[in-house]
Amino acid sequence: MKKALIFTLYGLLAISIILTVLAFALPDNGGVGIILTWTYILAAIAVLAVIVFPFLNIAQNPKAAMRSLIGLGIVIVVVGVSFALSSAEPIMLSNKEIADNPTDLRLTDAGLYTTYFAMVAAIIVTIYGEIRNSLK
């Protein structure tokens, strides 16, 4: 199982490197669409992993099921709060066009808020871990 995970990670890394080189090699920002599509694929894989792996953990270790479900619940709450905070208000882009698609605007805002929450949580957990380790 561990070897399969390592090979999968190396495979995804190799594909990412190849697509990045290809994106820079294409003229006139032609590779931006390739990179965005690959980003969506990686994000979908990550979301799928967040949803599937807790259930696999429950099957393998029923005692740890509660921790996994709590973690999944926290992720769902954070995404829900991010979506609730998001706005569909039209914005002016740098090229003076107006972006007014409410679905795109809400999803973009929700993604940004989720990223902000995750960044703050990572900083807090890192600081807490360092303080706890220094007091031991």
Would you confirm, using the coordinates I've provided, whether ALA43 is outside the structural domain of THR115 (by TED's automatic domain parsing) and more than 21 Å from the chain's Cα centre (by Cα)?
no
Go through the residues of segment 49-72 one by one and say whether even a single one is surrounded by fewer than 13 Cβ atoms within 10 Å (Cβ to Cβ), within 20 Å of LEU112 (Cα to Cα) and under 15 Å from the mean Cα position of the chain (by Cα).
no
Give the residues of segment 1-29 that are charged (D, E, K, R) and over 27 Å from PHE53 (Cβ atoms), sorted by residue number.
ASP28
Got a sec? Which of SER94, SER87, SER82 is among the polar types (S, T, N, Q), closer than 29 Å to ALA49 by Cα and not in a helix (DSSP H, G or I)?
SER87
Residue match in segment 34-57 (condition: part of a helix (DSSP H, G or I) and more than 23 Å from LEU9 (Cβ to Cβ))
no
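Inside segment 101-136, can you point out the residues that are under 27 Å from VAL47 (Cα atoms) and among the acidic types (Asp, Glu)?
Answer for segment 101-136, where residues must be under 27 Å from VAL47 (Cα atoms) and among the acidic types (Asp, Glu): ASP104, ASP109.
Go through LEU22, LEU72 for me and flag whichever is assigned by TED's automatic domain parsing to the domain that holds THR114 and part of a helix (DSSP H, G or I).
Result of the check over LEU22, LEU72: LEU72.
The values are calculated or read from the model by the stated rules, or taken from the named source; none is laboratory data. Since the model is a prediction, treat every value here as computed from it, not as a measurement. Here the Cβ is made from the backbone with ideal geometry for all residues, glycine too, and neighbour counts use every protein chain on show.
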